[in-house]
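The values are calculated or read from the model by the stated rules, or taken from the named source; none is laboratory data. All values derive from a computational prediction rather than experimental measurement. Here the Cβ positions follow ideal geometry from the backbone for every residue, glycine too, while neighbour counts run over all protein chains shown. When the accessible area is computed, the model is the full protein with side chains, heavy atoms only, and any ligands, DNA or RNA have been set aside. Shrake-Rupley method; radii C 1.70, N 1.55, O 1.52, S 1.80 Å.
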Amino acid sequence: MILSLLLVAATAASASHLGYQEETNLLRGGIPQVGLFKALTKEAIGNLESAQLDEFVAGDQGSQHLLSSSSSPPKWKAHCFPQPITHFPTTDPSITNETFCQRYWFNPEHFVAGGPVIVLDGGETSGANRLPFLETGILDILARATNGLPVVLEHRFYGESFPYFPNHNLSTDSLRWLNNGEALEDSAEFMRGVEFEGFEGVDLTAEGPTKWIYYGGSYAGARAAHMRKLYPDLVFGGIASSAVTRAEIFYSDYMDAIRQWAPQDCMLNVQTSVLIVDAHLDHPRLAKKIKKLFGLEALEDDDFASVISSPLSAWQARNWDPKVGSTKFFDFCDALGAESKLVGKHSKEKRAWEVLENYAGWIKKHEIKKCPEDGTDALAKGKIDIEECFGTHNDTKFQDISAEANPWRAWIFHSCTEWGYYQGAPLTGPRILSNRMTLEYTHKICQQSFPPGQHFQIPTWPNISIVNDLGGYALEMDRLAFIDGDSDPWRPVTPQSDHAVKRNDTILRPVKLIEDAVHHFDENGLANPLEEPPRIQRIHAEIVEFVRSWLREEDA
């Protein structure tokens, strides 16, 4: 038993230490670079200088274990809420009554009796990655403003909130308990039954006198909206930031949004390069030449196209706080070179090839170097196994179900079953992706990774109606706020999409669009709010205003 618990601890450590942005980039569009993911995960585990293992016992249905791994003691203590492996009837009596530990953290510093509980949904990553918001950012801001109790709640199958099966793994059968229905009921059960340490005997549950505000960003933003809709008696108010309430199978709008909103000289450079790449890929001899230019001649055409698209996903990694965000996208654009002032056919052709060579140099320096045996020198000496790092045509690479090296399997499974979002090139019009990035290519990971199990078989295509039947673009409720960035590549699948009916912004149903912003820019903050950019100070003030108003009106 201890060995399996150590394995789970290592899993949590790897996911957390790999970094949320790196996880997001590697999982973009349904095709994770599995070899690269494993290499970085292994490196992250190896870099742990020490592991502090603390075992907690919670619940009255047998021993429930929680192991916490970190190189230093965390500021906020992890607590354990016993959740049923399944909330719904099952024909498997061996696990019907079993529970697992769902981790949560809270900060009691600002709580005064009568204040609300403000829960932040951890979403599709380790809850440990959300802990900074207990000290700065949206949880701290709202707690201070409302005398509230801020909480981070980890999602099942992420971080350390894993059901402990006899042979713990991330197989198709094990993951059958990862779905919207189970996860939503987890949150509801937590809200009904949690007893916070230090508040024993005080009823702070959502069924008692305490009001609960539910916050989430991105996938967790959709969950915040869904919780407000499905559990209105528990969730007093919801704040859905960058909430992807509309699921789509083929999501070409992601890259097309970047093409429209990113600096246009850079996007024209990328478009030109992609056209040259595709023209070469149409001819076997030229295809070999173009892939060699990028140092990726070992890859099939579609895998090659996927790797060279990697820097584009850095658009989403931007943030108003340079300590949180990445400048990688603009660094990439700068590396391509400024727009040429030359005129004439030959000058334009020369300039296009200069851009392409700069593009290839960037990929060698910043993408390939992440592989084992880092660096372009290793690449030149043939020490990097490009296919092992970036290839997707070896099915066995996707069939390792061990939890330690494959935390990517959780979100991919959920995507394959209910959410979709397979990113590819638009079928018509201008594009910044190679036309080798097809739906078939980005979706194939589902069949590669999740063969039929004894108890569960994934659908041929995700059942996105599970998400969209909850409202999609039209989802709205009193005391449910939607907050988005104007240039977020996920905005096309939020209620503030250009495809959706435009809404009025009211106190009861707030709709906020942050200028010059991408993904949930309202979530993080600074210790001194006056040092935040004006637009971030403004959105934080507006959130405080409508939440306070909600609470006042109910108390009146």
Of the listed pairs 75/512; 328/397; 38/444, which have alpha-carbon separations greater than 22 Å here? 75/512; 328/397
Given Cα pairs under 8 Å that are at least 6 residues apart, what percent is the relative contact order of segment 134-212? 14
Of 283, 168, 366, which has the most accessible area and how do the rest follow, probe 1.4 Å? 283, 366, 168
Send over the Kirkwood Rh of segment 226-371, from the inverse of the averaged 1/r over different Cα pairs, rounded to one decimal Å. 17.8
A student applying the Cα gyration tensor rule (rounded when a/c is under 1.5; otherwise prolate if a/b is larger than b/c, oblate if not) would label segment 380-429 oblate
Which value does Rg/Rh take for segment 156-272 over its C-alpha atoms, Rh per Kirkwood? 1.13
Can you work out the Karplus-derived ³J(HN,Hα) for every residue in segment 385-402? Use 6.51 cos²θ - 1.76 cosθ + 1.60 with θ = phi - 60°, whole Hz, and x for glycine or proline. 8, 4, 5, 5, 6, 10, x, 10, 8, 9, 4, 4, 4, 9, 10, 6, 9, 5
Net charge of Cβ neighbours under 11 Å - reference residue 217; Lys, Arg +1; Asp, Glu -1: -4
Rounded to whole Å², per residue accessible area for segment 216-274 with a 1.4 Å probe reads 25
Can you give the Rg/Rh ratio of segment 403-476, where Rg is from the C-alpha atoms and Rh is the Kirkwood radius? 1.04
Please give me the summed charge of the neighbours of residue 321: other residues whose Cβ is under 11 Å from its Cβ, Lys and Arg +1, Asp and Glu -1. -1
Solvent-accessible area per residue for segment 482-556 at a 1.4 Å probe radius, Å²? 48
Could you tell me the relative contact order of segment 431-533? Use alpha-carbon pairs under 8 Å, at least six residues apart, and round to a whole percent. 23
Given a 1.4 Å probe and every protein chain left where it sits, what share in percent of the accessible area of segment 375-502 is carbon and sulfur? 51
Taking just the alpha carbons, could you work out the radius of gyration and Dmax for segment 450-528, both in angstroms? 17.0, 54
Working with all protein chains in place, sort 409, 259 by solvent-accessible area computed with a 1.4 Å probe, largest first. 259, 409
In segment 228-335, the GluC sites (Glu not before Pro) that sit in a DSSP loop and have at most 15 other Cβ atoms within 10 Å of their own Cβ are 297
Can you give the translational diffusion coefficient of segment 507-556 in µm²/s, computed by Stokes-Einstein from the Kirkwood radius over Cα pairs at 20 °C and 1.002 mPa s? 178
In segment 203-287, carbon and sulfur make up what percent of the accessible area (probe 1.4 Å)? 50
If 253, 331, 303 are ordered by their accessible area, calculated over protein heavy atoms with a 1.4 Å probe, which sequence runs from highest to lowest? 331, 253, 303
